[in-house]
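Student: Provided herewith is a single structure, encoded as structure tokens, for subsequent inquiry.
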Amino acid sequence: NAGVTQTPKFRILKIGQSMTLQCTQDMNHNYMYWYRQDPGMGLKLIYYSVGAGITDKGEVPNGYNVSRSTTEDFPLRLELAAPSQTSVYFCASSYESALGYTFGSGTRLTVV
Amino acid sequence: RKEVEQDPGPFNVPEGATVAFNCTYSNSASQSFFWYRQDCRKEPKLLMSVYSSGNEDGRFTAQLNRASQYISLLIRDSKLSDSATYLCVVGYNNNDMRFGAGTRLTVKP
């Protein structure tokens, strides 16, 4: 099992550009999540999904969109990149949320 | 007040020492509790869940005090490989986990 795979690992975007952060898991987990981690701060939930076709906003959804067309994939879309979106993004999945999460290795995004 | 608060540290301890971290949370309706470990520039990894009765996994012991709204992590006989940031995580419902900013531990030879 590869677990949770995120691509790319690093990216530099210019203000106003768009991009998609990819996340895929091969553990047949229903629950998937996107978090961002800023220095000195706890991880903040952007969006989550409880199964294919179902997504919902987390704590900091503004500026992002997601889709969940399959159980395996949960891409995160940034439409108009802003410097405030400079962060490390982690995708995670779980069989049940009460069992804890498996995280991907993260995407370091810089918006200049 | 932050929902999940941790002392950022750093805690610098010698090998073999016992070290303890506390984490306080503000929402009394919290249902699930975890400790994660995060190495520098890596993803968080689940260290252990925290149960009401307390639980132990080798050198690691986690405790929950619902009345005072804190959880703790005790590491005995610290190893160099224990050096990391320890994240406290509190779940309010199935899909709302709140992460603390982490406590940094450095174990020195």
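Student: Condition first: open to solvent by 60 Å² or more (accessible area, probe 1.4 Å), within 16 Å of residue B:86 (Cβ to Cβ) and among the hydrophobic types (A, V, I, L, M, F, W, C). Can you find one or more residues in the range B:49-68 that meet it?
Tutor: Within the range B:49-68 (the criterion being open to solvent by 60 Å² or more (accessible area, probe 1.4 Å), within 16 Å of residue B:86 (Cβ to Cβ) and among the hydrophobic types (A, V, I, L, M, F, W, C)), the answer is no, since none of the residues qualifies.
Student: Oh, and also: Among the residues of the range B:69-84, which ones are open to solvent by less than 40 Å² (accessible area, probe 1.4 Å) and charged (D, E, K, R)?
Tutor: Matches in the range B:69-84: B:82 only.
Student: Now, a different point. Can you pull out the residues in the range B:1-25 that are open to solvent by 50 Å² or more (accessible area, probe 1.4 Å) and outside any strand (DSSP E or B)?
Tutor: Scanning the range B:1-25 gives B:1, B:2, B:3, B:7, B:8, B:10, B:15, B:18.
Student: Right, here's the next one. Please find, within the range B:85-109, the residue that is most open to solvent (accessible area, probe 1.4 Å) out of those that are within 14 Å of chain A (Cβ to nearest Cβ) and of a type in the set (A, V, I, L, M, F, W, C). Walk me through how you get there before you give the answer.
Tutor: Of all residues in the range B:85-109, those within 14 Å of chain A (Cβ to nearest Cβ) come to B:85-104.
Filter again for of a type in the set (A, V, I, L, M, F, W, C), leaving B:87-90, B:97, B:99, B:101.
Working: B:87: 1, B:88: 0, B:89: 2, B:90: 0, B:97: 7, B:99: 17, B:101: 40 Å².
Among them, the one singled out is B:101.
Student: I'd like to check which strands (runs of 3 or more DSSP E) are fully inside the range A:1-110 and have at least 3 residues that are open to solvent by less than 30 Å² (accessible area, probe 1.4 Å), aromatic (Phe, Trp, Tyr) and under 30 Å from residue B:10 (Cβ atoms).
Tutor: So the answer is A:31-37.
Student: Only residues that are more than 14 Å from every other protein chain (Cβ to nearest Cβ) and over 27 Å from residue B:93 (Cα atoms): list them for the range A:79-108, please.
Tutor: The first filter runs over the range A:79-108 and keeps only residues more than 14 Å from every other protein chain (Cβ to nearest Cβ), leaving A:79-86.
Residues satisfying the conditions are A:79, A:80, A:81, A:82, A:83, A:84, A:86.
The values are calculated or read from the model by the stated rules, or taken from the named source; none is laboratory data. None of the values given here were measured: they were computed from a predicted structure. Because the Cβ atoms are built from the backbone with ideal geometry, glycine has one as well, and the counts that use them run over all protein chains shown. Ligands, DNA and RNA are stripped out before the accessible areas are found, and what is left, the full protein with its side chains, is counted by its heavy atoms. Shrake-Rupley method; radii C 1.70, N 1.55, O 1.52, S 1.80 Å.
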